[in-house]
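Colleague: Take a look at this one; I'll ask things after.
The values are calculated or read from the model by the stated rules, or taken from the named source; none is laboratory data. All of these numbers come straight from a predicted model, not from anything done at the bench. Glycine gets a Cβ as well: all are built from the backbone with ideal geometry, and neighbour counts include every protein chain shown.
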Amino acid sequence: MKGQRLKDWIMKQAADIGIDQIGFASADPFDELRQRLVQHRELGYESGFEESDLDLRTSPSKNLPSVKTIIAIALAYPSRMKNPPQSAPGAYRGIFARASWGKDYHHVLRQKLDELANRIKERIPTAELMSMVDTGALSDRAVAQRAGIGWSGKNTSIITHKFGSWVYLGEMLTNLSIPPDQPIEDGCGDCNRCIEACPTGALVGPGQLNAKACIAFLTQTKESIPTAWRKKIGNRLYGCDTCQTVCPKNRKLSFTHQKDFAPDPERVKPLLKPLLKMSNREFRQQYCEMAGSWRGKKPIQRNAIIALAHFRDQSAIPDLAELLAYDPRPVIRQTAAWALGEIGGSQAEKALRKAEHEEDEQVVREEINQALQTLEQQNEK
């Protein structure tokens, strides 16, 4: 089986497996992408989560020497949930980005790709196949764009005609010769809503992202978040959807047919205060299936502290004071001190004054001093 017949057969298998979109691309080097990545690196815009070897990222043959074709796939995920729980005074909630709703998409896409690979191998035993999902070396977006899945939007997401940008991407390298699909035309036009709406200005230009300033990146780091960005994070616990929710191509789109991605409202929009005291075991039980758990509980707890400051939640002061006094992690103590300064009041000041005399870590002491200055400024108003 060769050529178009093979392509038609693979497309039929993909539909049977539950893959929403499939496209086929040549395995030529991504030379234009490489130029952009070099510039990206020179400007200091990399997140550090990417594959560092630009040859692996842009040369498919460096990953699979026999590669002739790249098969790109996409699965749609929901953008809305039914009856989401609401925040209330003393019971405020955070939010996980839509890319962390339901089961971890890495596992779901990997299962789909494995099933497709098994079917291809049964039909063509000589087929060589290598699958990648997000953490692979190649750029999922560059592959998807070349394969005609969608165009690369100004928000750096792949935007499809049917599903908007609410899609997860994966790819499979193979030694099979399959006719490629044609890329589709850019559909963003003069629209710049994503760039204008980006909370931190991380979208520095059309299709150009300073990852280090992106909230989706900041919420995943384990270090202290720079003060300038904390108020921009709001109640986000993991990721950021702003550049997608404002996109006109996503208007009124939400797809619920992939049951693995159905959100549990209490998990994806959880109460904030319980997160502060959650043990490692409790965290794994609650969140281990979600993509947003991959960095562990510390970033989520740090982000929950920031969210409580965002809501000015006076009821959280005792919990924050306890973290400041006893938590062994400097990043958590540091963020708790900042949050107490933002929330304000005599109870917060009392906790900060106590910690001022007991804290040994310099970076935490500096944060305490800054928080006390913030309180003084509030008192003067």
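Colleague: With the condition kept exactly as written, say whether any residue in the stretch 148-156 is of a type in the set (G, A, S) and in contact with a Phe, Trp or Tyr (Cβ under 6 Å, 6 or more places away or on another chain).
Modeller: no
Colleague: May I pose another question? Would it be correct to say that V133 is closer than 18 Å to A27 by Cα, among the aliphatic types (A, V, I, L, M) and at pLDDT 95 or above?
Modeller: no
Colleague: I've got another one for you. Hey, could you check the stretch 216-239 for residues that are assigned to a helix (DSSP H, G or I) and within 19 Å of P270 (Cα to Cα) and say which is nearest to the chain's Cα centre (by Cα)?
Modeller: Of everything passing the filter in the stretch 216-239, A216 is nearest to the chain's Cα centre (by Cα).
Colleague: So which of Q301, Q334, Q347, Q378 is over 24 Å from P89 (Cβ atoms) and either not polar (S, T, N, Q) or not assigned by TED's automatic domain parsing to the domain that holds H106 (or both)? Step through it out loud before you land on a result.
Modeller: Working: Q301 fails: over 24 Å from P89 (Cβ atoms); Q347 fails: over 24 Å from P89 (Cβ atoms); Q378 fails: over 24 Å from P89 (Cβ atoms).
One residue alone meets the criteria, Q334.
Colleague: Next question. May I ask you to list the residues in the stretch 240-267 that are within 15 Å of the chain's Cα centre (by Cα) and under 20 Å from I305 (Cβ atoms)?
Modeller: C240
Colleague: Let me ask something additional. Taking the condition of being under 19 Å from L308 (Cβ atoms) and among the aliphatic types (A, V, I, L, M), how many residues in the stretch 188-227 meet it?
Modeller: 3
Colleague: Of the conditions (1) at positive phi; (2) over 25 Å from the mean Cα position of the chain (by Cα), R123 clears all except one; give me its number.
Modeller: (1)
Colleague: Now a separate question. Keeping to the stretch 244-261, report how many residues are assigned to a loop (DSSP other than H, G, I, E, B) and surrounded by 15 or more Cβ atoms within 10 Å (Cβ to Cβ).
Modeller: 7
Colleague: Anything in the stretch 39-90 that is in contact (Cβ under 8 Å) with a residue 12 or more places away in the chain and among the hydroxyl-bearing types (S, T, Y)? List them, or say none.
Modeller: Across the stretch 39-90, the qualifying residues are Y45, S47, T58, S59, S61, S66, T69, Y77, S79, S87.
Colleague: Might you check whether a residue that is under 30 Å from Q35 (Cα atoms), hydrophobic (A, V, I, L, M, F, W, C) and free of Cβ contacts under 8 Å to residues at least 40 places away in the same chain occurs anywhere in the stretch 205-212?
Modeller: No, the stretch 205-212 has no match at all.
Colleague: Output yes when any residue across the stretch 350-366 is farther than 18 Å from Q220 by Cβ, part of a helix (DSSP H, G or I) and in contact with a Ser or Thr (Cβ under 9 Å, 6 or more places away or on another chain), and no when none is.
Modeller: Taking the stretch 350-366 first, the residues farther than 18 Å from Q220 by Cβ are 350-366.
Of the ones still in play, those that are also part of a helix (DSSP H, G or I) are 350-358, 362-366.
Those left that are additionally in contact with a Ser or Thr (Cβ under 9 Å, 6 or more places away or on another chain): 363.
Yes, the conditions are met somewhere in the stretch 350-366.
Colleague: A follow-up question, please. Can you find a residue that is within 18 Å of S165 (Cα to Cα), β-branched (V, I, T) and outside the structural domain of H107 (by TED's automatic domain parsing) anywhere in the stretch 258-269?
Modeller: no
Colleague: Now for a different question. Between K62, K12, which is farther than 18 Å from M130 by Cα and surrounded by fewer than 20 Cβ atoms within 10 Å (Cβ to Cβ)?
Modeller: The conditions single out K12.
Colleague: Which of the residues belonging to the stretch 336-371 are surrounded by fewer than 21 Cβ atoms within 10 Å (Cβ to Cβ), under 34 Å from the mean Cα position of the chain (by Cα) and more than 21 Å from I233 (Cβ to Cβ)?
Modeller: Of everything in the stretch 336-371, those that are surrounded by fewer than 21 Cβ atoms within 10 Å (Cβ to Cβ), under 34 Å from the mean Cα position of the chain (by Cα) and more than 21 Å from I233 (Cβ to Cβ) turn out to be E361, Q362, R365, N369.
Colleague: If you don't mind, there's one more thing I want to ask. Just a yes or no: is a residue in the stretch 219-238 within 20 Å of T160 (Cβ to Cβ) and buried (at least 19 other Cβ atoms within 10 Å of the Cβ)?
Modeller: Let us first name the residues in the stretch 219-238 that are within 20 Å of T160 (Cβ to Cβ), namely none.
The answer is no; no qualifying residue exists.
To keep it simple, each residue is scored yes or no on (1) free of Cβ contacts under 8 Å to residues at least 40 places away in the same chain; (2) touching a helix residue (DSSP H, G or I) at 6+ places or on another chain (Cβ under 7 Å); (3) of a type in the set (A, V, I, L, M, F, W, C).
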{"site": "L138", "(1), (2), (3)": "no, yes, yes"}
{"site": "A142", "(1), (2), (3)": "no, yes, yes"}
{"site": "N155", "(1), (2), (3)": "no, yes, no"}
{"site": "G170", "(1), (2), (3)": "no, yes, no"}
{"site": "L176", "(1), (2), (3)": "no, yes, yes"}
{"site": "P179", "(1), (2), (3)": "no, yes, no"}
{"site": "G187", "(1), (2), (3)": "no, yes, no"}
{"site": "L218", "(1), (2), (3)": "yes, yes, yes"}
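Colleague: I95 versus (1) over 22 Å from the mean Cα position of the chain (by Cα); (2) at pLDDT 95 or above; (3) β-branched (V, I, T); (4) farther than 15 Å from V143 by Cα: which is the lone unmet condition?
Modeller: Of everything listed in (1) over 22 Å from the mean Cα position of the chain (by Cα); (2) at pLDDT 95 or above; (3) β-branched (V, I, T); (4) farther than 15 Å from V143 by Cα, I95 misses just condition (1).
This table checks each residue for (1) surrounded by fewer than 18 Cβ atoms within 10 Å (Cβ to Cβ); (2) aliphatic (A, V, I, L, M).
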| residue | (1), (2) |
| --- | --- |
| I71 | no, yes |
| S79 | no, no |
| K82 | yes, no |
| P89 | yes, no |
| F96 | no, no |
